[in-house]
Each structure stands twice: as C-alpha cells, then as structure tokens.
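Read the structure below first, then the notes.
The values are calculated or read from the model by the stated rules, or taken from the named source; none is laboratory data. Keep in mind that this is a model prediction, so the values were computed, not measured. Positions of Cβ are backbone-derived with ideal geometry, glycine not excepted, and every protein chain shown enters the neighbour counts.
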Amino acid sequence: MKKKLLRIILTAVLLTGAWLVEHYAALPMWQVLLVYLVPYLVISYDVLGEAVEGIMEGDPFDENFLMSLATIGALLIGFLPGAEPQFIEGVFVMLFFQVGELFEHYAEDKARDSISELMDIRPDVAFVDRNGNVESVSPEEVNIGEMLIVKPGEKIPLDGTVLEGTSSLNTVALTGESMPRDVTTGMEVISGCVNLSGVLKVRVDKPFSESTAAKIIKLVEDAGENKSRGESFIRRFARVYTPIVVISALALAVIPPFFYDSYAPAFGVWLYRALTFLVVSCPCALVISIPLTFFAGIGGASHKGVLIKGGNYMDALAKLSTVVFDKTGTLTRGTFDVEAVHPEVLSEQELLHLAAHVERFSTHPIALALRTAYADEKDNCTVENIQETAGQGITATINGRTVSVGNDRLMATLGITLPVCKRCVSHTGTTVHVAVNGEYAGHVVISDHLKADAASAVERLKQLGVTKTVMLTGDKREVAEQIAEQTKVTEYHAELLPADKVSHVERLIAEKKSDGAVAFVGDGINDAPVLARADVGIAMGALGSDAAIEAADVVLMDDKPSKIALAIELSRRTIFIAKENAWFAIGIKVAVLLLATFGMASMGLAVFADVGVMVLAVLNAMRAR
C-alpha cells in the first residue's frame with residue numbers, strides 16, 4: 001500500500017510537469033504524448049498488465065480492461081481529425097482509479113485487521129511438564145494427556161482440564177465479554193483465553209488442530225467461501241455487464257457519426273463520448289464494495305463473540321421468522337444439580353451410589369450431576385456390561401446386580417409400572433429412575449436452571465419480528481412446561497428423540513413464509529442433525545459439542561441466547577449497507593451514463609461517477625465493522 005501511495009504522489013508530480021511542458025514548450029503532438037506517457041506508465045503499468053493477462057486467459061472483460069481501453073483511447077484521440085487532445089484526462093482517469101484502489105486496499109486492510117486480531121488468540125508457545133522438566137514447545141507438538149504450565153499473563157495454548165490451581169481468565173478475544181471467568185481444579189478451559197492471576201496446571205484434552213482457538217480462526221477465515229446471494233449476483237452481473245458495456249461503447253463511437261455530413265470529425269466527438277461512457281460504466285463500486293461490506297460485517301461480528309460462517313448465512317439471519325431452541329445448555333445453563341432423592345427399597349446413599357456408577361462413563365450433564373452428588377466414586381465396585389439405549393438410559397452390572405438408570409421409556413421396556421410419587425409434587429426437574437434386577441428401586445430428581453438472559457432473549461427476538469419461538473426438548477413435559485412459561489416461547493414440544501427434533505424443524509420449514517427462514521439453536525452432539533437441517537444452525541460455542549459447532553452456520557462463543565438477536569441485528573445492518581451501496585452506485589452511474597451519451601458529461605465527471613462513487617461506497621462498507 002505504501003508503494004502505491006508513492007506511485008500516486010510521483011505521478012501527480014510528473015503530471016504537473018507534463019502539463020507545464022505542454023503549455024510552455026512548443027512541441028509537436030507526438031512529443032507531448034511521449035511526455036505524458038511517463039506519468040501514465042508509472043501509474044498504470046500494473047493495470048495494463050492485469051488487462052493483458054485477462055486477454056491472454058480469455059477473460060478480458062473486467063475493470064482493468066475498461067480502464068486501459070478508456071485511458072489509451074483518451075491519449076490517442078487527439079490524433080483524429082477535428083478531435084481535441086485529452087492527454088491530461090487520460091492520465092488523470094488512471095491516477096484517480098489508483099486512488100480508488102488505494103482506498104479499497106485500506107478498507108480491506110482495516111476489515112482484515114478485525115480478522116487478524118483473532119490470530120492473537122493463537123499462542124506461539126506452550127510450556128509442557130515432561131518428566132519434571134518444563135519444556136517450551138510449539139502447541140502443535142503437544143500430545144493429549146500432557147500437562148501444561150500456564151503462568152499469569154500467558155495464553156492457554158490448548159483446550160484442557162485444570163488439574164491444579166485457581167485463577168481468572170480473560171475471555172474477551174473469544175466471547176467479546178470483558179467479565180473475567182473464574183476457574184479452579186476440575187474445570188475445563190479453552191485455548192485463546194489469557195490467564196490473569198494464579199499458575200494453572202492443565203491436562204491437554206484435544207490436539208491443537210481441534211482446539212477452540214484453531215477452530216475459531218478457521219471458521220472466520222473460511223467465511224468468505226460462503227457468498228451471500230448479493231455477492232454472488234454481483235460477480236455474475238459483472239461478467240455479463242462488462243462485455244455489454246464494451247459493445248455499447250463501441251456502437252456509440254461508430255454508429256452516430258454515420259448520420260453526420262463528415263464522418264471523421266464526428267467520429268472524434270463520439271469516440272470521446274464512448275470513452276467517457278467506458279469510464280463511467282466500470283462496475284468497480286459494486287464489485288468491490290458489496291463483498292467488502294459482508295467481509296467487514298463478518299469481522300465485526302466475530303469481535304462481539306458471534307462467528308458467522310459466510311455472507312449467505314447473514315442473508316438467512318436477516319429474514320428469520322422462526323427460532324427453534326433446544327432446552328438444555330441453550331435456554332438453561334446445562335449444569336444440573338440433584339434436587340431430591342426418593343428411594344423405594346434402598347437408602348438414599350445406596351440409590352445415588354448405584355446411579356452414579358452406571359453413569360460413570362457418560363458425558364451427559366445429568367450423569368455429571370449424579371457423579372457429583374456421589375463423590376466417593378472410587379469404592380472398588382465392579383462396573384461391567386455397560387449398555388446405552390439412545391433416548392432412554394443406561395444399564396450396567398454393578399457387583400453382580402443389573403442396574404438400569406434412565407427415563408420412563410426405559411422403565412417401560414423393563415415392564416416396570418412406575419409408582420405415583422407424592423413427594424415429587426414440590427419438585428420440578430428431570431426424573432431419573434433406577435431399577436435393580438428388574439425391580440423398581442427409586443428415582444432421583446435433577447434440576448437445571450434457566451440462563452439469566454434466556455427470557456429477555458426470546459422477548460428481543462419477538463421485537464425484531466420473529467413471529468414464532470419454539471422449544472424442543474427430550475425432557476419431561478412438566479419440566480418443558482415450566483421453562484416455556486418462564487421464557488414465554490410461543491410453543492414447546494417435550495420428550496423428543498433426536499429424530500423427532502428433525503421432524504419438527506422440517507415441519508416448521510414447510511410452514512414458513514416464502515421470504516422467511518428457520519433457525520435452530522443447540523449445543524449437544526444430538527443437535528448436530530437438526531442444526532444441519534435448519535436454514536440457519538446456531539451453536540453454543542463455549543459449552544457446545546464439537547459436532548454441534550461443526551454442523552452449525554453461526555457460533556455464539558459465550559453461550560448467551562441474547563446474542564441471537566445481536567446476530568440478526570448485525571446481519572440486517574450489513575445487508576442494509578450493501579443495498580445502500582448498490583442503489584447509490586447504480587443511480588449515479590445511470591445518470592452520468594445518460595449525460596455521457598448526449599455529450600453532457602466530461603471525463604472529470606466520469607472519474608467521479610467511477611472512482612468517486614467507489615471510494616464513497618468503500619467507506620460506507622466499512623461501517624459494517
């Protein structure tokens with residue numbers, strides 16, 4: 001960019017000198033042309049090279065070809081009978097075209113800054129404890145299971161679990177939130193966070209390629225591959241529009257002079273108009289500013305903790321009419337606590353003991369709640385023959401006894417009739433039933449808690465014009481009803497299997513208006529199919545599973561449902577700016593093209609209609625950041 005700026009300054013100086021030579025030295029026209037060729041070639045050699053390369057590759061019709069054709073024509077038009085020399089205009093047009101390019105590169109650099117700042121979350125080094133020695137290695141060389149030492153002020157290089165230490169983490173680069181997050185032994189930490197206070201010893205759970213920091217950077221870098229409808233249209237439009245413009249300009253130069261008494265003088269007049277027509281018609285403002293708007297919008301959203309994987313998803317977000325929520329981990333915190341233990345034939349401790357052992361190897365939040373409630377997991381019990389039934393529960397053999405832990409459906413498959421529990425009236429939550437050797441042993445009530453911003457998030461969506469908010473959950477109807485009442489969603493469906501969620505989303509897609517879109521918001525592995533099926537899949541990035549984040553089109557890095565409304569607002573604003581640029585550029589160009597056709601537009605006005613409009617459109621596009 002500095003090199004281009006120096007070329008622009010040098011060309012301006014040389015152009016001034018050429019103008020002085022033209023006016024104060026009595027030189028023949030061909031020598032004056034040679035004088036003007038010096039600043040012209042200084043400023044245009046790259047554009048001319050791109051134009052020649054396009055011709056050689058059989059794809060000549062682009063802005064470089066238009067500018068080269070128009071400016072070379074302006075330099076040579078003075079040699080036609082009756083035509084006025086346009087040397088200074090020819091150089092001036094190319095000079096201001098390069099000024100416009102400079103503004104474009106500046107704007108792109110600014111937009112990329114918001115992306116490249118994300119690279120700062122990628123740590124350059126990891127400190128690993130190997131056989132008592134702390135080694136400094138590249139994060140790519142760290143293996144799963146190794147222990148990291150993270151000192152205050154250092155970035156966490158890989159995702160893992162805290163083995164020792166207590167600290168606060170700065171997560172602003174990942175989530176856009178300035179509030180530090182406190183961590184202690186047993187808690188998971190993600191790469192890219194900055195350790196603020198104590199020394200942490202972290203066990204590595206994922207290789208660097210699968211770490212949160214690496215995935216975020218890849219998501220944003222790949223976002224440009226998913227073009228919005230507006231971006232794709234502009235690219236197709238330019239390929240058709242440019243050859244039409246060249247043919248129209250050629251016709252404008254050649255045909256009208258036939259209606260004059262003398263062809264040659266008239267040809268010079270109409271050739272000048274045709275060249276002005278070419279300069280005006282260059283589609284730079286559209287081709288550059290529309291993609292740049294979406295690029296800037298995606299970069300700006302990423303700094304607010306909203307990762308949008310492409311401009312096409314901005315299109316869909318802007319017209320959302322239905323938002324479908326998973327419950328656990330999306331509207332609720334996804335961290336369960338045991339609220340009540342109701343044994344039938346065992347003690348409370350024994351019931352918890354058996355349930356926790358059956359769920360020993362499960363990663364489900366309910367399993368974690370059971371294991372947390374029964375802390376003495378290492379009690380030499382033998383756990384064998386673990387079998388999981390999707391959507392129902394788990395059965396295992398514990399010290400020779402067959403123990404089944406799950407929901408009503410699992411008990412029904414065992415032929416168990418559930419007793420009426422009067423004590424459950426005062427508890428609302430997920431009921432986990434336990435059966436031992438085919439006999440009912442009791443149940444555990446586990447409760448989740450609503451996220452602080454869940455209700456306000458649903459209300460904000462309604463204010464933005466989302467007509468239908470739906471909650472889908474595999475939980476009991478009573479639990480779903482309570483959450484639905486608290487959040488004021490328009491409808492809810494409970495006791496669903498993953499396939500049922502897909503069916504409901506497909507129904508909602510079929511029911512939507514033609515100009516609407518359906519989003520699904522989830523976080524679990526079982527949400528991946530429905531995230532992929534929805535028009536827009538939105539995943540919770542902090543607590544969400546890798547499968548959910550991979551399948552989603554939008555990732556909320558701080559797990560706040562209120563960020564959905566923010567994503568919609570950012571998308572609508574970005575698209576509005578893109579439309580502003582399109583209508584502004586087209587309106588100005590059509591007006592000046594008409595003036596140029598009738599000889600009422602000079603080359604200077606043509607420069608404004610091209611370069612000036614491009615600069616203004618690029619500056620407007622940067623508002624999307």
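Restricting attention to the range 574-613, the residues that are at pLDDT 85 or above and at positive phi add up to 0. Restricted to helices (runs of 4 or more DSSP H) entirely inside the range 1-87, those with at least 1 residues that are within 22 Å of L271 (Cβ to Cβ), at pLDDT below 85 and among the polar types (S, T, N, Q) are 63-76. Residues of the range 309-357 that are farther than 30 Å from K488 by Cβ and among the β-branched types (V, I, T): V341, V345.
In the range 187-231, the qualifying residues are those that are acidic (D, E) and either touching an Asp or Glu at 6+ places or on another chain (Cβ under 7 Å) or loosely packed, with under 15 Cβ neighbours inside 10 Å (or both), and the one that is modelled with the lowest pLDDT is E225. One residue stands out in the range 549-564 among those that are assigned to a helix (DSSP H, G or I) and touching a Leu at 6+ places or on another chain (Cβ under 6 Å): the one that is modelled with the highest pLDDT, namely K563. Just one of the numbered conditions (1) within 47 Å of the chain's Cα centre (by Cα); (2) farther than 24 Å from G612 by Cα is not true of D62: (2). Need the failing condition index for A542 against (1) of a type outside the set (K, R); (2) more than 21 Å from K512 (Cα to Cα); (3) modelled with pLDDT under 85; (4) under 15 Å from the mean Cα position of the chain (by Cα), just the number. Condition (4) is where A542 drops out.
Once the range 372-393 is narrowed to residues that are modelled with pLDDT of 75 or more and either under 20 Å from A340 (Cβ atoms) or among the β-branched types (V, I, T) (or both), the residue that is surrounded by the fewest Cβ atoms within 10 Å (Cβ to Cβ) is T382. Counting only residues that are assigned to a helix (DSSP H, G or I) and free of Cβ contacts under 8 Å to residues at least 60 places away in the same chain, the range 585-604 holds 6 of them. Every condition in (1) closer than 30 Å to I575 by Cα; (2) outside any strand (DSSP E or B) holds for V323 except the one numbered (2). Taking the range 313-344 as the range and being of a type in the set (S, T, Y) and over 30 Å from A375 (Cα atoms) as the test, the residues that pass are Y313, S321, T322.
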